[in-house]
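As structure tokens, the structure follows; a few thoughts come after it.
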Amino acid sequence: MERRRGRVVRALEALGSELSRMHGEAFFAHLVEHLALATRADIAFVGELVGDGHGRVRTISLMSHGQWLPNIEYDLAHTPCANVVEQGICSYADGIQELFPKDALLIEMNARGYAGSPLHDREGRPVGIVAVLYDHPVSEPRVAHALLD
């Protein structure tokens, strides 16, 4: 427990120090890269809610297995990200594809574990999401949960 807490504290301190000097796309790219490393995630992204009624997510920064990918846009319905937007931070240690069988991207990404947190505007309305995904069961989902929280 103490080891996990120390890892979270160190990651947050490093992230806060570095991000305080950044703006725009560089900010989001660094955030995604740092979260992927700190949470040992295979995929990490930041996305904004778009479309009528915010029914879609458009990634702003997307990294998979240490490589930057072109940004994508996907429907929010039937995804773990929809739960994040509606309920708040969520994490799943394993079995994400079985829990969300209509989410074709989870299958395409070979995702098994997931953690995500909503991003809110100043009025508290959800405007985006930050998430990490794993192609293996997550042994310490609370670390990702704590970092995203």
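Things to note:
- The stretch 40-46 - phi-based ³J(HN,Hα) in whole Hz, Karplus 6.51/-1.76/1.60, Gly and Pro as x: 6, 7, 7, 9, 9, 7, 10
- Under the Karplus curve 6.51 cos²θ - 1.76 cosθ + 1.60, θ = phi - 60°, whole-Hz ³J(HN,Hα) for the stretch 126-136, x wherever Gly or Pro sits: x, 10, x, 8, 10, 8, 10, 10, 10, 9, 8
- The protection proxy used here, the mean number of other Cβ atoms lying within 10 Å of each residue, ranks peptides 65-77, 34-46 as follows, highest first: 34-46, 65-77.
- ³J(HN,Hα) computed for each position of the stretch 65-82 - Karplus, 6.51 cos²θ - 1.76 cosθ + 1.60, integer Hz, glycine/proline x: 6, x, 10, 6, 10, x, 5, 10, 10, 8, 6, 6, 4, 6, 10, x, 5, 4
- 5 angstrom amide H check on Val127, placed H, neighbours 5+ away: Leu119, His120, Asp121
No value in this document is a laboratory result; all are computed from the given coordinates. The structure displayed is predicted, hence computed values, not measured ones. A quick note on method: Cβ atoms are made from the backbone with ideal geometry, for glycine too, and the neighbour counts reach across all protein chains shown.
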